[in-house]
Amino acid sequence: MDINEKFSTALKQIALLGGINDYIAISSRELGEKLDISQQSASKRILELLEEGYIQRDLGARKQRIKITRKGLDALRAEYSEYQRIFEMKDHLVIKGVVAAGMGEGQYYVNQPEYQGQFREKLGFTPFEGTLNLKIVPSDQSKMDMLRRTEGIVISGFHRNGRTFGEVRAYPATMHNVDCAVIMPSRSHYSEVMEVLCKYSLRRTLGLNDGDTVEVRITTDE
């Protein structure tokens with residue numbers, strides 16, 4: 001999500017003051033001082049952020065209280081991921097997650113013949129039924145944004161029995177030296193869960209249980 005620089009600067013100041021986790025009391029004069037702009041300009045900036053949906057405001061108190069919305073947080077997270085790509089990412093990412101129970105949807109999608117054929121051709125293996133679901137630890141969630149911004153291996157979508165199956169992107173990876181792949185819908189939005197494919201049952205092969213923490217090393221230079 002691209003964001004206007006003036007909005008980004010204001011959001012960062014609000015975030016630094018604690019506006020991500022809760023409402024903060026701040027006047028347009030105080031925000032103007034933080035941004036080195038006039039009180040009038042700061043008041044306009046707040047209204048613009050409200051109109052764009054980046055913040056929400058509570059006028060019930062003596063001083064206005066504002067808080068960054070999910071849209072605003074996503075915008076900051078996207079900018080952060082760009083800086084990480086500049087300074088941190090080379091040819092791989094290491095993302096840590098906690099093993100979590102799935103809803104059974106992974107098995108349904110992975111077993112579709114049209115996907116299976118592409119997995120064999122493009123990833124070099126036929127996946128075990130289902131995916132391993134990992135809930136990304138908070139400190140690594142920005143790395144998922146970085147991953148979404150890389151091309152990956154395209155697994156084409158298709159239509160079958162009147163139903164549309166969307167395009168998927170795959171990223172070769174390893175987990176405890178076992179070859180696997182991370183997959184995500186090409187049009188995916190922010191998610192705390194990462195899905196991992198392997199030709200083996202990762203739970204059985206690695207002796208994993210719900211709640212175990214693992215690291216996935218993902219190749220990003222394909």
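The values are calculated or read from the model by the stated rules, or taken from the named source; none is laboratory data. Quantities reported herein were computed from a predicted structural model and do not represent experimental measurements. Here the Cβ is made from the backbone with ideal geometry for all residues, glycine too, and neighbour counts use every protein chain on show.
Annotation note: Cβ proximity below 7 Å between a residue of the stretch 204-219 that is within 17 Å of Thr174 (Cβ to Cβ) and a residue that is acidic (Asp, Glu) (sequence gap 6+ or interchain) occurs for Thr219/Asp91. The requirement of being crowded, with 17+ Cβ neighbours inside 10 Å, more than 26 Å from Val94 (Cβ to Cβ) and not β-branched (Val, Ile, Thr) is satisfied by Tyr115.
Which of the following residues is of a type outside the set (Val, Ile, Thr) and in a helix (DSSP H, G or I): Gly72, Gly18, Gly60? So that I can check it myself, show each step before the final result.
Details: Gly18 fails: in a helix (DSSP H, G or I); Gly60 fails: in a helix (DSSP H, G or I).
Criteria check complete, one pass: Gly72.
If we scan the stretch 55-64, do we find a residue that is assigned by TED's automatic domain parsing to the domain that holds Leu202, surrounded by fewer than 15 Cβ atoms within 10 Å (Cβ to Cβ), at pLDDT 80 or above and among the aliphatic types (A, V, I, L, M)?
no
At least 3 residues being modelled with pLDDT under 85 and under 18 Å from the mean Cα position of the chain (by Cα) is the threshold, and among the strands (runs of 3 or more DSSP E) wholly inside the stretch 97-175 not one reaches it. For the condition farther than 30 Å from Glu79 by Cβ, exposed (fewer than 15 other Cβ atoms within 10 Å of the Cβ) and small (Gly, Ala, Ser), Gly124 qualifies.
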